[in-house]
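We did not get these values from a lab; they are worked out from the coordinates using the rules stated. Keep in mind that what you see is a predicted model, and the values were worked out from it rather than measured. Here Cβ is always computed from backbone atoms with ideal geometry, including for glycine, and neighbour counts include all displayed protein chains.
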């Protein structure tokens with residue numbers, strides 16, 4: 001797609017659901033051969049916690065928080081000045097303020113956000129979307145219409161995905177098997193709709209994993225590990241040991257147990273990628289990603305077993321507990337679909353393709369590495385080997401080579417040092 | 001059953017304005033209301049099913065404050081409340097909140113020796129930066145501390161006159177926020193005339209209502225009123241208990257009042273209020289709650305001013321927001337209350353704006369009280385925009401079945417960049 005690897009800076013959020021997705025994107029882009037830098041915003045979270053811990057008035061804290069956002073934005077800008085990326089890709093809630101977005105525009109650095117949030121719950125996209133060059137979203141209409149027509153933003157629907165290298169079915173030890181196994185399990189946060197919905201499942205061999213379940217006496221004995229947060233690695237073990245993985249999309253509204261929303265959550269793709277069985281509530285955008293099957297409308301080629309109401313959930317549980325072969329078949333179909341269509345590599349390809357098709361010069365042409373007369377033919381071979389070692393294309397520009405060398409944590413070879421020296425010498429004498 | 005403590009140490013009107021929150025909490029658990037001792041009778045009258053506890057927060061000697069309050073603090077701590085709602089920004093209220101774990105506190109929490117605001121309270125402080133376009137009132141602000149807000153239109157009965165006289169609240173606690181006797185003396189005959197014209201008055205009595213402090217005010221007002229009205233006057237200043245007040249207010253055709261606790265009490269009882277708001281009083285913050293009330297709001301470039309700011313807009317020792325109520329156009333509209341295009345064109349209103357209360361949508365839990373005027377002022381348009389943003393925020397963060405209506409958040413005074421980037425405190 002591109003005649004050289006791209007330099008991409010991914011700006012992670014300080015916390016939250018879009019954080020792991022940022023890491024998956026980074027891995028996918030690396031696998032596509034691009035150079036990825038991460039702005040590790042989570043490392044600043046502790047500093048923010050420290051700010052909030054200060055014994056100062058709320059007014060002073062407000063000012064400090066504003067200054068802190070400014071400081072983080074400046075740090076991101078410093079990283080872009082240093083690395084001159086072709087693309088700054090921000091995940092939802094990335095700590096990029098408006099001033100920084102305007103600066104990046106002035107510097108002709110292409111910016112994009114993958115807004116993996118519900119646009120109605122997080123209306124801040126209105127303030128930021130117009131400042132990004134590209135805006136990728138997990139919902140369709142009327143959101144896309146609002147972005148494209150009302151605000152003239154280059155927006156694209158980019159659904160969530162999975163990373164099959166990470167989201168793999170785990171082989172468990174017998175102890176792990178004993179600890180994690182369940183007929184039915186749910187892994188996730190205790191949103192109001194889930195709290196109410198799960199009260200109907202207490203007669204089953206049922207386990208709840210994850211945080212924010214406190215204060216519910218009925219569910220308390222089903223909540224595992226005292227409601228501790230579960231790491232992504234451990235969640236794989238849970239999914240692998242469960243016969244029916246429940247996937248009920250979250251809702252703040254306790255009286256809408258099955259919310260019938262539009263976007264498909266990451267858990268749907270992740271469970272599918274693992275080849276484990278899930279029962280998932282029906283979503284408007286689901287049929288275009290998976291072949292959905294319900295007990296009312298069973299499909300031979302089913303990739304997901306879906307339910308539309310709490311009654312259907314109960315019927316599905318009874319049915320699928322009795323049909324392990326069918327569970328296996330559906331899970332395998334889902335896995336095939338994810339591998340062929342719904343990985344983060346697919347998504348990143350789509351994202352870059354969209355940017356390329358809608359930009360006049362993306363990525364910008366850069367000067368090719370010019371052989372200096374001073375460099376002897378023998379060293380050229382060494383440099384070629386070095387470029388291969390650094391995973392750089394033969395026609396990479398000189399500055400990228402130098403940046404890669406600077407990041408090496410090992411002692412440099414004389415050739416590498418000579419290249420660095422040459423770079424500094426050229427800068428010093430403006431040669 | 002959940003146990004809730006609501007700490008409300010502000011005044012008469014604030015106890016009444018906490019009603020929407022209290023109603024929501026009463027549906028979910030057992031509620032205790034902690035208030036100043038002087039208002040215990042009112043609180044018990046207002047909320048007979050709530051346990052009301054009085055504390056010595058005013059009008060006491062230091063020995064009583066120490067010994068009596070210590071007993072109460074011991075009791076409160078032993079009660080082990082699940083959730084505590086300190087409603088006031090005041091240091092007294094914050095001091096009491098130190099009895100409880102910070103993670104049980106809603107609205108105002110604390111860290112170290114300092115008060116910490118939840119995201120919702122922080123938003124309120126932002127919108128109060130420009131009070132001219134304050135989006136929602138105090139009742140609705142406190143109501144949103146509850147996870148499932150109480151339906152707004154069910155908080156108070158729709159206001160309807162009962163026919164038994166005209167009530168006049170003489171003055172609020174802060175005299176600057178009230179009409180002077182001379183101005184009231186021009187307004188009362190006009191309104192009395194209007195009520196007589198409507199034939200709704202079954203009893204032609206004008207009740208003066210207030211505390212003992214207002215006896216002098218009552219005398220001056222009586223002196224200034226036309227002689228033909230004197231036989232209709234019944235001066236009850238300093239003569240009514242909260243129980244008496246409830247009885248009188250319940251039967252009135254209309255209550256005239258500045259921004260006072262009595263006006264809120266009338267709202268609670270479903271008696272129509274016609275308010276006169278000037279100085280720092282602002283209908284969009286503390287107008288009487290419920291459908292069917294009217295407030296005449298002073299509208300000068302400096303309105304509403306800060307409560308403790310010296311007035312810089314004076315004319316012959318009288319604030320301009322007071323003299324605005326002497327305008328013949330205002331008195332014309334006060335008499336007719338028709339507001340046709342023609343009458344508004346010929347009798348132009350500028351410094352005093354009429355507002356009428358209603359609820360735009362009774363189906364929504366996050367609905368706020370609306371004040372609408374026949375005049376469409378720029379600040380009212382901006383206010384509507386910010387109200388929409390708040391409704392959306394509440395629909396997204398509260399436990400309601402409400403669909404989220406997305407609204408434009410550009411140029412708003414509610415959200416800050418830090419809201420998006422940092423983890424948020426509980427609502």
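Note on the protein assembly as shown: antiparallel DSSP beta bridges, both residues inside, total approximately 15 percent of the bridges counted.
I need the calculated FRET efficiency for the pair residue A:411 and residue A:211, taking r as the beta carbon distance and R₀ as 51 Å, to the nearest 0.05. Walk me through the intermediate numbers first.
Numbers: r = 45 Å, r/R0 = 0.88.
Using R0 = 51 Å, I get an efficiency of 0.70.
In this simple spin-label approximation, residue B:28 and residue B:309 carry label points 7 Å from Cα along the Cα→Cβ vector, and these lie 3.7 nm apart.
The simple spin-label model puts a point 7 Å past each Cα toward its Cβ; for residue B:67 and residue B:173 those points are separated by 2.7 nm.
Explain nothing, just the number: relative contact order of chain B, from Cα pairs under 8 Å at least 6 residues apart, as a whole percent.
Working: 784 pairs, mean separation 70.9, N = 427.
Contact order relative to length: 17 percent.
Axis of helix A:324-341 versus longest Cα principal axis of chain A: the two differ by about 20°, to the nearest ten degrees. Rounded to the nearest 0.05, the FRET efficiency derived from the C-beta distance between residue A:349 and residue B:203 at R0 = 56 Å is 0.10. Computed from the C-beta positions of residue A:151 and residue A:309, the FRET efficiency with R₀ = 45 Å rounds to 0.80. If you average 1/r across every pair of different Cα atoms in segment A:189-247 and take the reciprocal, what Kirkwood value do you get, in Å? Across segment A:189-247, the inverse of the average 1/r is 11.9 Å.
Ordering A:43, B:214 from the fewest to the most neighbouring beta carbons within 10 Å gives A:43, B:214. Specify whether the C-alpha gyration tensor of segment A:159-257 places it in the rounded, prolate or oblate class, a ≥ b ≥ c being the square roots of the eigenvalues: rounded for a/c under 1.5, otherwise prolate if a/b is larger than b/c and oblate if not. Taking the square roots of the gyration eigenvalues as a ≥ b ≥ c, segment A:159-257 is oblate.
Rounded to the nearest 500, the 222 nm mean residue ellipticity of chain B from helices alone is -10500 deg cm²/dmol, with -39,500 (n - 2.57) taken per DSSP H run of at least 4 residues. Mean sequence separation of contacting Cα pairs (under 8 Å, at least six apart), scaled by the length of segment B:164-358, corresponds to a relative contact order of 22 percent. In chain A, helical runs assigned H by DSSP with n ≥ 4 each contribute -39500 (n - 2.57); averaged across all residues and rounded to the nearest 500, the mean residue ellipticity at 222 nm is -13000 deg cm²/dmol. Rounded to the nearest 10 degrees, the angle from helix B:215-224 to the longest Cα principal axis of chain B is 30 degrees. Largest mean-square fluctuation among A:290, A:362, A:115, in a Gaussian network model of chain A whose springs join Cα atoms under 10 Å apart, belongs to A:362. Give the Debye-formula value of log10 I(q)/I(0) at each listed q (0.09, 0.13, 0.14 Å⁻¹), with one equal scatterer per alpha carbon of chain A, two decimals each. Debye output, listed in q order: -0.68, -1.20, -1.31.
Mean projected area of the convex hull spanned by the Cα atoms of segment A:24-152, taken over all viewing directions: 9.3 nm².
In the elastic network of chain B, a GNM with C-alpha springs shorter than 10 Å, the most mobile of B:272, B:231, B:181 is B:231. Where both bridge residues fall in segment B:164-358, DSSP classifies roughly 30% of the beta bridges as antiparallel.
State the volume of the convex hull built on the alpha-carbon positions of segment B:62-115, expressed per residue in Å³ and rounded to an integer.
Values: hull volume 4.3 nm³, N = 54.
Spread over its residues, the Cα hull of segment B:62-115 gives 80 Å³ apiece.
The order of B:144, A:310, B:46, going from fewest to most other C-beta atoms within 10 Å of their C-beta, is A:310, B:46, B:144.
When only Cα pairs under 8 Å and 6 or more residues apart are kept, what is the percent relative contact order across segment B:22-174? Provide the component values of the computation, followed by the final result.
Numbers: 128 pairs, mean separation 23.9, N = 153.
So the answer I get is 16 percent.
Take each residue of peptide A:53-65, count the partner chain Cβ atoms within 10 Å of its Cβ, and average: the result is 4.
The label-point distance for residue A:98 and residue A:221, in a model that sets each label 7 Å from Cα toward Cβ, rounds to 5.5 nm.
Largest mean-square fluctuation among B:324, B:95, B:143, in a Gaussian network model of chain B whose springs join Cα atoms under 10 Å apart, belongs to B:95.
Rounded to the nearest 10 degrees, the angle from helix B:19-28 to the longest Cα principal axis of chain B is 40 degrees.
Most exposed first by the Cβ proxy, i.e. fewest other Cβ within 10 Å, how do A:198, A:428, A:398, B:217 rank?
The fewest-first ordering by Cβ neighbours comes to A:428, A:398, B:217, A:198.
The per residue volume of the convex hull around the alpha-carbon atoms of the protein assembly as shown is 228 Å³. Computed over the Cα atoms of segment A:377-429, the ratio of the radius of gyration to the Kirkwood radius (Rg/Rh) comes to 0.94.
For segment B:2-112, how big is the tail of P(r) above 21 Å, as a whole percent of Cα pairs?
Details: 1856 of 6105 pairs.
Considering segment B:2-112, 30 percent of its Cα-Cα pairs are separated by more than 21 Å.
Report the residues of segment A:9-40 in range of a label on residue A:121: point 7 Å along Cα→C-beta, backbone N strictly under 15 Å from it. A:16-19, by backbone N distance to the label point. The C-alpha radius of gyration of chain B, expressed as a fraction of 2.2 N^0.38 Å, stands at 0.99.
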